[in-house]
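The values are calculated or read from the model by the stated rules, or taken from the named source; none is laboratory data. Just so we're clear, the structure is a prediction, and the values are computed from it rather than from any experiment. Every residue, glycine as well, gets a Cβ built from its backbone with ideal geometry; the counts of neighbours run over all protein chains shown. Heads up: the accessible areas ignore ligands, DNA and RNA and are worked out on the full protein's heavy atoms, side chains in. Shrake-Rupley method; radii C 1.70, N 1.55, O 1.52, S 1.80 Å.
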Amino acid sequence: MSKTPNILIIDDEVEVGNFLNHLLSSKGYDVSVGYSGTDCNQLLEREHYHLAMLDVKLPDTSGLSLLAKVKAKFPLCKTIIMTGYSTVKTAVEAIKLGANDYIEKPFDDIDQLETLIDELLDGTVTSEQSTMDKLAKDSGFMIGESQTMKQLVTMAYKISKKNVNVLIEGETGTGKEVLAHYIHLASKRMEHPLIGINCGAISEALLESELFGHEKGSFTGAFKERKGVFEIASSGTLFLDEIGEASLSTQVKLLRVLETGEFMRVGDESIRKTNTRIIAASHVNLVNAVQEKRFREDLLYRLDVVKLTIPPLRERKEDLPSLITYLLEKHHSSLHFSNEAMNVLMEYDWPGNIRELSNVIKRAVVLADGEVNIIGTDYLPEKLLSSQTHSPPEQLLDREESFEVYLKRWNQKILSLWKTEGEVDLSSVLIQVKELETEVGKAFVQRTLKSTIGDRKVAAERLNISMRKLRYLLNEKGSS
């Protein structure tokens, strides 16, 4: 950046303002300091800022209100929210509203603070997207094209660097464990263990031993001492799946660990310490579970520092084409689905979410491999076909929508082949180009027939083709 960056500091603690002013001025930045919302409004009129550091709580306004003003006046200005631990939830909300990051006070790691500021100002953060994409691929977390999922993975990436607990909610099969893996890989704990345990799959008696460990002879079958997952993952990440299934007595013990970082092995009176980061997950709404007296409110408060909710697949069907392409590539398959089969996949509600989709794609690939080049409806499970409404074809799915889905999938497949550094079967590529030509012809004919209420003669005239050509294209219908 050629011009010396201007930095705006707004914090009602004079000591914080003085410290940041001294730190950043010594690095060559131009710094303006204010101590209230009023000061901020005045300073915003005097100078153009490249970075704003805003305290969450101010005597006359909130940091979120100032964030909106800064972003409105200077859309390209980078923003950092400053917060205490008790207001981390507000800071997370700030990121959802456009803040680049947040930092907790007091500033324990000055080097980390300087690095964050330098990266924001020199544009290094623009490489975040490629980093997020790589981490998603490495962890197996399928993002898709929907804005909801892109925002989710961005939030997960930003909070992964923080030493805060995370609660992941979502229906069964949405990928909660995979998202936990993504967060671990993106965190500073990635070199340490990620240990997962399903709280609903283990009896209450054994769960305590699994969590905290036990001493030799502490119960029948305890032939030797054993470490629990809190001990094994002490410097890493502990994933507590289906936390809502844990008994109330186990919840009490979990609460103590989260509050103090201390625990005792079963059969031992020695207090041990753990520094593990907790990522908890549940397919049930824990707020509702609290209201029903099935889950402790104080434990939920400790777990729900940051909540990430994965939407069900039926609410993000625009992601299906890219997810299907991803899964086909995962199985090293050059097959693709016919339009009719794709329509079935797009219409199905996917109660089992990503897990169910993955199983359906795997089944289709295994059955169709070596038999056909295009996967038709014959290779889909009966439950998908029986869920279809047996309406006339023109009412089954909007033709223009299905054609757009086909174009998107075709484009993704060709681009994937183009980027392949190994051998490519050009004859196969040219066949797909020929197929595209046929599908484009059919799509335009069908759309025009729809607008002419089925009048083929008028449709042919509008398309500037002969009736014979129109009939030829219509006869291609369903041949895939």
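Structure notes:
- You can think of it this way: the chain between LYS134 and MET346 has 73.6 nm of extra reach, that is 0.36 nm per residue less the Cα-Cα gap.
- Peptides 461-472, 220-231 ranked from most to least packed give 220-231, 461-472, packing being the mean of other C-beta atoms within 10 angstrom over each peptide's residues.
- Checking every one of the trypsin sites (Lys or Arg not before Pro) in the stretch 1-53 against DSSP loop status and a limit of 16 other Cβ atoms within 10 Å picks out LYS3, LYS27.
- Virtual spin-label span in nm between GLU315 and GLU437, 7 Å along Cα→Cβ: 4.5
- A straight chain from ASP298 to VAL252 at 0.36 nm per residue would run longer than the Cα-Cα distance by 15.6 nm.
- Here the chain exposes an accessible surface that is 51 percent carbon and sulfur, computed with a 1.4 Å probe and the other protein chains kept in place.
- Under 29 Å from the Cα of LYS216 - lysines, other chains or at least 8 residues apart: LYS224, LYS227, LYS253, LYS273
- Degrees, to the nearest 10: 14-25 long Cα axis against longest axis of the chain: 60
- Note on GLU225/ARG355: beta-carbon distance plugged into 1/(1 + (r/R0)^6) with R0 of 41 Å gives a FRET efficiency of 0.65.
- R0 of 45 Å, Cβ-Cβ distance LYS383-LYS27: FRET efficiency to nearest 0.05: 0.15
- Square roots of 5 times each gyration tensor eigenvalue, C-alpha, the stretch 295-371, largest first, Å: 34, 14, 10
- Per-residue [θ]222 nm for the chain (sum of -39500 (n - 2.57) over DSSP H runs n ≥ 4, rounded to 500): -15000 deg cm²/dmol
- Estimated FRET transfer efficiency (HIS331, LYS469; beta-carbon r; R0 45 Å; 0.05): 0.70
- Over the Cα atoms of the stretch 1-64, the radius of gyration divided by the Kirkwood radius equals 0.96; this is the Rg/Rh ratio.
- Taking 0.890 mPa s as the viscosity and 25 °C as the temperature, the Stokes-Einstein diffusion coefficient of the chain based on its alpha-carbon Kirkwood radius rounds to 92 µm²/s.
- Globularity index of the stretch 137-230, i.e. its alpha-carbon radius of gyration over 2.2 N^0.38 Å: 1.37
- Here the chain is assigned +1 on the Cβ of each Lys and Arg and -1 on the Cβ of each Asp and Glu. Its dipole about the Cα centre then comes out at about 1120 debye.
- Set of lysines near LYS3 by C-alpha distance (under 29 Å), chain-local residues within fewer than 8 positions excluded: LYS27, LYS69, LYS71, LYS73, LYS78, LYS158
- Relative contact order computed over the stretch 434-477 (Cα-Cα under 8 Å; 6+ residues apart), in percent: 42
- Accessible solvent surface per residue of the chain, calculated while the other protein chains remain in place, 1.4 angstrom probe, Å²: 51
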